[in-house]
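Read the structure below first, then the notes.
The values are calculated or read from the model by the stated rules, or taken from the named source; none is laboratory data. This is a predicted model, so every value here is computed, not measured. As a convention, Cβ positions derive from the backbone with ideal geometry for all residues, glycine included, and neighbour counts pool all protein chains shown. Keep in mind that these areas ignore ligands, DNA and RNA; they rest on the heavy atoms of the full protein, side chains included. Shrake-Rupley method; radii C 1.70, N 1.55, O 1.52, S 1.80 Å.
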Amino acid sequence: MHNFNVFTGEPRKFDPTFKGPIYNRGCTDILCCILFILALLGYFAVGILAWSQGDPRKVIYPTDSKGQFCGQVGSPLEKKPLLFYFNILKCASPLVLLEFQCPTTQICVERCPNKFMTLVKALLKEDDREYYKQFCKEGVDMTKVSSGQERKHFYLEFLHLSNLCVVFFSGLVIAMLVSLIFILLLRCLAGVMVWVMIIMVVIVIGYGIFHCYMQYASLKGQAGSDVTIKDLGLQTDFSVYLQIRQTWLAFMIILCIVEVVIILLLIFLRKRLLIAIALIKEASKAIGHVMSSLFYPLLTFALLSLVIAYWAITAVFLSTSSDPVYKVFNTTECMYSRDTCEPETFNSSNITAECPDAECLFAFYGGETLYHKYLILFQFYNVFLFFWCANFVTALGQVTLAGAFASYYWAFKKPEDIPAFPVFNSLGRALRYHTGSLAFGSLILAIVQIIRVLLEYLDQKLKGAQNKCAKFLLSCLKCCFWCLEKFIKFLNRNAYIMVAIYGKNFCTSAKDAFFLLMRNIVRVAVLDKVTDFLLFLGKLLIVGIVGICSFFFFTGKIKIVEDATPTLNYYWVPILTVVFGAYLIAHGFFSVYAMCVDTLFLCFCEDLERNDGSSDKPFFMSPELHQILSIEKNAEETDLIPAKTKQCHFVRICANVFENCVHFMPNVIILWCRLAKNKN
């Protein structure tokens, strides 16, 4: 007990009977398992109730801001089957999770826009004015609209759904193939691929800097290109910003800073990179012996898709019950925000006088029955169970992979002692014994996430408030709960590894994992996190490759097949969509590597505490992993500064550099823009 510390706990002792993941284990956190099952039964009951009360027509047909059905046979909008969003970016608001309604004007249209046009240009010609009018709200007099209202009347170009789906699907397939090829090469040539990855990331960012400079130089002398971002104001049409030089200058400066930071990190961490590469090599061997682990993300993806689909369908049916309810939506501060309103009398009310940009839009379907009184609780329960189930699926994947890779590590003779079907056996143990523990960890994370959604909801409600103290307090709470969510995710991940190995309950596993990490805090900072940084560079490389290819394709600079490139005025929408999808796919594949590295790292630390490498207490680690330990010890002994002091100095230097960059970046951009403008 003399080694016990309140912050680090007591180190593990030698146990000759310990041979890896314990098979003779019992069920853990049974109460939480029962609670999770009851919650799921309640979730199914809410779904059945919503489906019985909801109107299927409101699901099949899109609904405009007035609650009218688009394209319904026999209605005035029969020939307008498509729904057009004035500002689709507002649909990314967290409020959509609770209200399930995008806070922007929506109208039914006969066809999607096929060309870009501003209001100023539309007013010049009669034909353009008539074309523009079909995408405005009913009753708008185009001749009386001032140019200052141009920002309210804009739209993005849309592709036909079939073409967009084909292009999008092709981009995701390419991302999947690149990720799979990269993972296979990383398994065979880990050391070479890591260095190639580092060099390629530097080259890709360097190309981004070069492209930004060329765009910046090409806009020199063009009309309107010297307008500043501040003068332009907030525009949801991103292509407008690409027509001014300051945007490309800002992009170039940001990429230069990112490039310099990455190069500095590589220089300062050059010794640790060798150790991290050795750990990735060991992870590649583990994945090579447990190849089925590469396909497990497909099961996670399928389960998450099922959870998302059930949540979305239930939310739609909950929001389409009974009569339409209209609420006030606005973009600036307004005391009437989200209040109930009537579209017929809204324009003559005092709300429009006090809040000029406020609009009375369709919000959801409601009523006065007992069901409708508790409808908001049903929606809240739907969101909460969505978070809980999604976190549970993620936790199931983590504990399954951890158990499989732990079976590899604690096999004394590799691969002879590795059990058959390690992934399948680990999945069976997780579901049979630890459903309660997974539900417990997922519940804690879901509570924090639902609090963050409620804070966002309150933030939207307080937009019209003048209390600066309340806004500041709310911002602090949002920041604190964001940090808390990140910490809980980190702790849960390591707790699930301990659950997979020892079969204990969640709280005990979380405590053991935390103490083990605290006893090896230096290794966590300089070894495990450096490895995570290298894996992040791998995801960045794949996303960069797919992003550059999609950019050249959608801009028409490369043509695989004649007439295969769609004509676009706003090509950034499909590019960003493909890039986002590519990141999700790359993250899915690399999550296997990340889980393998984290599991091997914890097992590595446990092995060092239990054994000393003697004949009586031999290491379970491979000779290559033992070499990592030797390299690490030599690196610490040859340096003049102790490891902890070095780490503190490095962290302090990086923090100071980052703080100064953030502080001076706006000033640097403004100064550079002024110098460039004066030069012109």
- Quick tally, 1.4 Å probe accessible area for TRP51, TRP410, sorted with the most first, runs TRP51, TRP410
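In segment 368-433, which trypsin sites (Lys or Arg not before Pro) are in a loop and have at most 14 other Cβ atoms within 10 Å, using DSSP for the loop call?
Values: sites: LYS373, LYS413, ARG429, ARG432; in loops: LYS413.
Sparse-neighbourhood loop trypsin sites (Lys or Arg not before Pro): LYS413.
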- Residues with amide H under 5 Å of LEU82's amide H, sequence separation 5 or more or different chain, H placed in the peptide plane at 1.01 Å from N; which? VAL109
- Backbone HN-Hα couplings from phi across segment 374-386 [Karplus 6.51/-1.76/1.60, Hz, Gly and Pro as x]: 9, 5, 5, 5, 5, 5, 4, 5, 4, 5, 4, 5, 4
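Ignoring any ligand, DNA or RNA, what whole percent of the accessible area of segment 398-460 comes from carbon and sulfur when the probe is 1.4 angstrom?
Numbers: 1550 of 2360 Å².
Solvent-exposed carbon and sulfur of segment 398-460 make up 66 percent of the total.
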- Using the alpha-carbon centroid of each, what span in Å lies between segment 574-614 and segment 420-435? 19 Å
- Going by average Cβ neighbours within 10 Å, how do the peptides 188-196, 78-86, 543-551 rank, with the highest at the top? 543-551, 78-86, 188-196
- Residues whose built amide H sits under 5 Å from the amide H of LYS66, excluding neighbours closer than 5 in sequence, are PHE362
- Message: Please give the Cα centre distance for segment 465-499 versus segment 342-403, rounded to the nearest Å.
- Response: 22 Å
- Message: For a 18 Å ceiling on Cα separation, which of these pairs sit above it: LYS489/LYS511; LYS80/LYS133; LYS271/LYS529; LYS230/LYS478; LYS19/LYS617?
- Response: LYS230/LYS478
- If ligands, DNA and RNA are left out, what is the accessible area of LEU474 with a 1.4 Å probe, given in Å² to the nearest 10? 10 Å²
- Message: From the phi angles alone, apply the Karplus equation (6.51, -1.76, 1.60; θ = phi - 60°) to segment 486-494 and give each ³J(HN,Hα) in whole Hz, x where the residue is Gly or Pro.
- Response: 4, 5, 5, 4, 5, 5, 4, 4, 6
- Scan around THR105 for amide H atoms under 5 Å from its own, H built in the peptide plane at 1.01 Å from N, and keep only partners 5 or more places away or cross-chain. PHE86, ASN87
